[in-house]
Structure formats: structure tokens, C-alpha cells
Amino acid sequence: MGRKERREREVKRENYATKHSAEKKKQTLIAIGVLSVIAVIVGYAGYMFLNMTETAPGGPENAGALGSEHSHAAILVKIFGDTFDFDGPAFQIKSSWIHFEGRDGTTIHKHATGVTLGYLFETLAIGLDDQCYVFPDGKQFCTNEDYTLKFFINREQVSDIRDYEIQEDDRVLIVFGAETPEEIEAYLLQLDNQELIK
């Protein structure tokens with residue numbers, strides 16, 4: 001009888017050890033599977049982040065991948081002689097491709113090729129064409145017989161800036177009013193002396 005009990009105990013122990021070993025293997029395989037899936041997801045997300053292109057959500061049409069360029073340009077907007085600054089929260093980092101940042105409203109940061117000033121103003125909800133500058137609240141400043149909307153890029157007057165793609169150290173002036181050539185020159189000088197925040 002003693003042998004029989006011993007044998008039963010040994011069989012029980014072997015069954016327990018086998019069962020416990022199988023359970024441990026099962027848990028290990030599940031953990032390896034879960035970690036593999038997580039690694040694949042993280043790897044894919046990292047790959048997508050590094051290779052974002054114009055098809056990424058919120059990106060402008062024809063833009064290159066984020067990080068394909070990093071340019072800075074100074075901007076000065078004068079409406080009837082008053083400076084409009086983009087340093088408020090409503091104008092900060094509205095797009096990853098081109099924006100104002102760091103509570104600075106005078107330096108444009110562009111982070112991809114193919115991104116235009118028109119897209120920047122679009123992201124800021126500012127209407128802009130060759131005749132009108134329209135604030136987000138709907139207030140319009142349009143060329144008429146008394147006042148004119150003018151654009152300057154690197155001191156050169158241009159008819160429209162929407163399709164312009166900034167380059168490093170560009171200077172962009174937008175003026176609305178009835179300024180004299182001397183007043184325009186003073187604005188251009190102010191813009192030339194404006195520090196780029198990089």
C-alpha cells in the first residue's frame with residue numbers, strides 16, 4: 001500500500017510539474033506575442049512619423065515631408081500705421097508645416113518644402129488676396145480709391161504673396177493705408193532691423 005501511495009504522489013507531482021510548465025510556456029508565448037505586436041506598432045508609427053508627406057492630415061497640397069526644410073522669415077504687417085503682431089495664442093502653431101511659435105509673432109517658421117504664405121494665412125483664418133486683408137473676426141481692409149494693400153518681399157514690391165514660398169532670412173512687409181514712399185521706406189527699415197527668432 002505504501003508503494004502505491006508513493007507512486008500516486010509521484011504521478012501527481014509529475015502531472016503538476018507538466019501542467020505548471022505548460023502554463024508557464026503558454027504565458028511566455030502570449031507575452032512574446034503581445035510585445036511583438038507592440039514593437040510592430042511602434043516601429044510602424046515611427047516610420048510614418050519620419051516619412052510624413054503632403055498626404056499627412058492637415059498638410060498643404062504639394063508640400064514636402066515635414067522636416068524637408070527649416071526656414072525663417074521676418075514679417076511686418078502695418079494696417080493704417082499700426083503693427084499687427086501674431087504673438088497671441090490664436091496665431092501660434094496652427095500648422096506643423098508653417099507657423100509662428102514661442103509667443104513670437106514676427107518670425108515665420110517653415111518646416112517643409114512647397115509651403116506657401118497663402119497656406120500660412122489660411123491656417124490663421126486670415127483672408128488674404130491681392131486686394132484684401134481680412135481678420136478672423138471679419139474686419140476687412142480692401143484696396144479702394146483712398147487706401148491700398150501693398151506687399152513687399154525683400155524690399156521689392158509684389159502684387160500678391162499667396163504663392164510665395166519663404167526662404168531663409170526673407171523679409172515680408174504687408175501694408176494697408178495711404179502711406180507715402182518715405183513711410184514705406186521707414187517700415188522696410190524697421191523690417192530689415194527685425195530680429196529673426198530661430
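Every read-out reported here was derived from the displayed coordinates using simple, explicitly stated rules and does not represent laboratory data. What you see is a predicted model; the values in this text were computed from it and never measured. Please note: Cβ atoms are built from the backbone with ideal geometry, for glycine as well, and neighbour counts cover all protein chains shown.
For segment 71-192, a Kirkwood radius taken over Cα pairs fed into Stokes-Einstein (37 °C, viscosity 0.692 mPa s) yields D = 227 µm²/s. For the residue pairs LYS78/LYS150; LYS139/LYS198; LYS78/LYS198, alpha carbon separations beyond 21 Å are given by LYS139/LYS198; LYS78/LYS198. Using 0.36 nm per residue and subtracting the Cα-Cα separation, the extra length available between TYR147 and TYR164 on full extension is 3.8 nm. Under the simplified labelling scheme, the ILE197-GLU101 pair shows an inter-label distance of 1.2 nm, with each label point 7 Å from Cα along Cα→Cβ. Positive contributions from Lys and Arg (+1) and negative ones from Asp and Glu (-1), summed over other residues with Cβ under 14 Å from the Cβ of ARG155, come out at -3. Among TYR147, TYR133, the order by Cβ neighbours within 10 angstrom, fewest to most, reads TYR147, TYR133.
Taking GluC sites (Glu not before Pro) across segment 120-198, the ones in a DSSP loop with at most 15 further Cβ atoms lying within 10 angstrom of their Cβ are GLU145, GLU168, GLU195. Label separation (ASP82 vs VAL42): 5.2 nm, computed from points 7 Å beyond Cα along the C-beta direction.
Would you mind ranking ASP104, ASP163, ASP85 so that the residue whose beta carbon has the fewest other beta carbons within 10 Å leads the list?
Working: ASP104 17, ASP163 9, ASP85 14.
Ranking ASP104, ASP163, ASP85 by Cβ neighbours within 10 Å, fewest first, gives ASP163, ASP85, ASP104.
Within the shell defined by Cβ-Cβ distances under 11 Å, the residues around LEU128 carry a net charge of -3, with Lys and Arg each +1 and Asp and Glu each -1.
Per-residue Cβ neighbour counts within 10 Å put THR83, THR123 in the sequence THR83, THR123, beginning with the fewest.
Provide the gained length on full extension for the span ARG6 to ASP130, in nm with one decimal, where the gain is 0.36 nm per separating residue minus the Cα-Cα distance. Don't jump to the answer; show the numbers that get you there.
Working: separation 124, 0.36 × 124 = 44.64 nm, distance 9.83 nm.
34.8 nm is the gain from fully extending ARG6 to ASP130.
Taking 0.36 nm per residue of sequence separation and removing the Cα-Cα distance, the GLN27/ALA186 pair yields an extension gain of 49.8 nm. Under the combined filter of DSSP loop state and at most 14 neighbouring Cβ atoms within 10 Å, segment 134-172 retains these trypsin sites (Lys or Arg not before Pro): LYS139, ARG155.
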